[in-house]
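Asker: Please find one structure pasted underneath; my questions will follow.
What follows is calculated from the coordinates using simple rules that are stated; it is not laboratory data. Given the structure is predicted, the values throughout are model-derived calculations rather than measurements. Every residue, glycine as well, gets a Cβ built from its backbone with ideal geometry; the counts of neighbours run over all protein chains shown.
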Amino acid sequence: MSRRIAVVGGGPAGLATWQRLRDTGHEVQLFDPEPGGLMRTIRHDGWIIEAGAHTMATTDAGVGAMLRALDTDPEESSVAPRTRGRQVLLHGRPTPVPLSPGELVASPLLSMRGRLRLLREPFISAKPGGDDESVQDFARRRFGHEVAARIIDPIVGSSTGGDPRQLLARVLFPQHVQFEAAGGSVLRGAMRAGMQARRRKGGSSMPLSSHTNGIDWFVRAVLRQGNGSVCREAVTGITFSDVDVTVQWGDGSERFGGVVLAVPPAAMRAIRVVGVDAGQFEKVATMPCASVASVSLGYRREHVTRPLTGGSLLVPSSEHLPLLATFSADAMFPGRAPEGHLLITSIVGGVRHPDAFRDDDRTLTQQVHAALAGAMGLVAPPAMVHVTRWEGAMPQPVAGHFVRLAAADALEAGAPRLAFAGGWRGGMSIGEAMASGLRAANRLGGTMPA
């Protein structure tokens, strides 16, 4: 049965929801002032700037099928990064991140003592730390202080904007937690999983990639479909009744058969929701969220004497810099900068440096340039600057996270015309956010009352 459904939030999760609902015959209205969320590409004077995510990947069959069905534009195509190598800034010098257990043991990121501690991991008794064990505690317990501080800390900080001392291991590293629970060793479990993956043929996953003209290809492809409508307004209220849902925005309102709420928890706080359990909704909406700024700097090639050799440079908290990570667009994808130039994008702020997010563009530019001058050999100011701020865009799965997820489940059970979607619900990556959107679409499209 066809239903009329509102999707509030046009990030990766909301757009995936919108696409799936339309594909299954529903009439759908999307609400978002600027659809795309973290999949935002800026094109300016020959620069192709990723203001949010740079790449995406998925192991979800439904997401993979959706992406392949949309990827039909003959003028642009999927492209894998030329390098997947990452580096960590250690004592001011870029150092390669190991990509396998063998490389990890031999990594220059670790001292001899750190390597010996790592080699003990398979022989350390499994002592699962429970649902609220932090990433840092899990990493220290299994691998030792150096791995936790020099490898896990910068990887987690750059991808979440959060603090590994607070973020939950079970959310960010569920497979590794399961390796310990099932076999007593993370390293043994990782090696077995790697061998099994190499033996598999085919499959429905999509590898790490972007597109020739930017990661926002997905946004443009979905919006081109034209089978639904977009209201470029911020929703201010949602009222549930026994027979329908009223969505309010600005001076307007409209009734729908159901609604998918696909905005970050921080954005839910600005929406007045009536007709559901207020206490449970507050648990979801008060999930902590981090804010970051994306600072893109373009340099003349001769002014960068030590370009990054990997696709990204991750910055551990021990370096005491406002940067979380820097991405080298040129190292990953060709044609992202005009001839004779290099493009780098740095992520600033997060839980580690919350005040940096609010600095003006000039201050942010100066901070990023100064932080990278030594590591990259910058000898002149940037020729191009672009700053994008993402307020409250990074949900933080910290202690109490599973209580909040249970609250979302209870809200959906009590309000069959409501579904939630987003990275906070099913994983932090773009692909996982899309998968949560497909699940929300399947739930609401199939179980909502007529």
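Asker: Quick check on packing: order 87-96, 72-81, 3-12, 321-330 by the mean number of other C-beta atoms within 10 Å, highest mean leading.
Answerer: On the way: 87-96: 17.2, 72-81: 12.2, 3-12: 26.0, 321-330: 24.3.
For the peptides 87-96, 72-81, 3-12, 321-330, the packing ranking is 3-12, 321-330, 87-96, 72-81.
Asker: Next question, about the same structure. Hey, can you rank 410-421, 286-297 by average C-beta count inside 10 Å, highest first?
Answerer: Peptide ranking by packing, descending: 286-297, 410-421.
Asker: Which net charge results when you count Lys and Arg as +1 and Asp and Glu as -1 among the other residues whose beta-carbon is under 12 Å from that of Ile238?
Answerer: +1
Asker: What's the ranking of 305-318, 365-378 by average number of surrounding C-beta atoms within 10 Å, highest first?
Answerer: Values: 305-318: 20.0, 365-378: 18.1.
Per-residue Cβ counts within 10 Å, averaged per peptide and sorted highest first, yield 305-318, 365-378.
Asker: Additional query: To the nearest 10 degrees, how steep is helix 401-414 against the longest Cα principal axis of the chain, on a 0 to 90 scale?
Answerer: 20
Asker: Using only Cα atoms, find the angle between the long axis of helix 61-70 and the longest principal axis of the chain, and express it within 0 to 90 degrees, rounded to the nearest 10.
Answerer: 80
Asker: Further question on the same structure: In what order do Lys127, Lys283 fall by count of nearby beta-carbon atoms within 10 Å, going from fewest to most?
Answerer: Final ranking by Cβ density, sparse to dense: Lys127, Lys283.
Asker: For the chain, what does -39500 (n - 2.57) per DSSP helix run (n ≥ 4), summed and divided by total residues, give at 222 nm, in deg cm²/dmol to the nearest 500?
Answerer: Here the helix-only value at 222 nm equals -10000 deg cm²/dmol.
Asker: Let me ask something else. Got a sec? How would Trp47, Trp424, Trp18 order by Cβ neighbour count within 10 Å, fewest to most?
Answerer: The order, fewest Cβ neighbours first, is Trp47, Trp424, Trp18.
Asker: Here's a follow-up. Going by how many other beta carbons lie within 10 Å of each one, how would you line up His341, His145, fewest first?
Answerer: Taking fewest neighbouring Cβ atoms as first place, the list is His145, His341.
Asker: Relative to the longest principal axis of the chain, what angle (0 to 90°, nearest 10) does the C-alpha long axis of helix 186-199 take?
Answerer: 70
Asker: May I pose another question? Shape of segment 87-182 from its Cα gyration tensor (a ≥ b ≥ c, root eigenvalues): rounded if a/c is under 1.5, otherwise prolate when a/b > b/c, or oblate?
Answerer: Oblate, since a/c reaches 1.5 and b/c is not below a/b.
Asker: Between Arg301 and Ser241, what length comes free when the chain is fully extended (0.36 nm per residue of separation minus the Cα-Cα distance, one decimal in nm)?
Answerer: Values: separation 60, 0.36 × 60 = 21.60 nm, distance 6.03 nm.
Here the answer is 15.6 nm.
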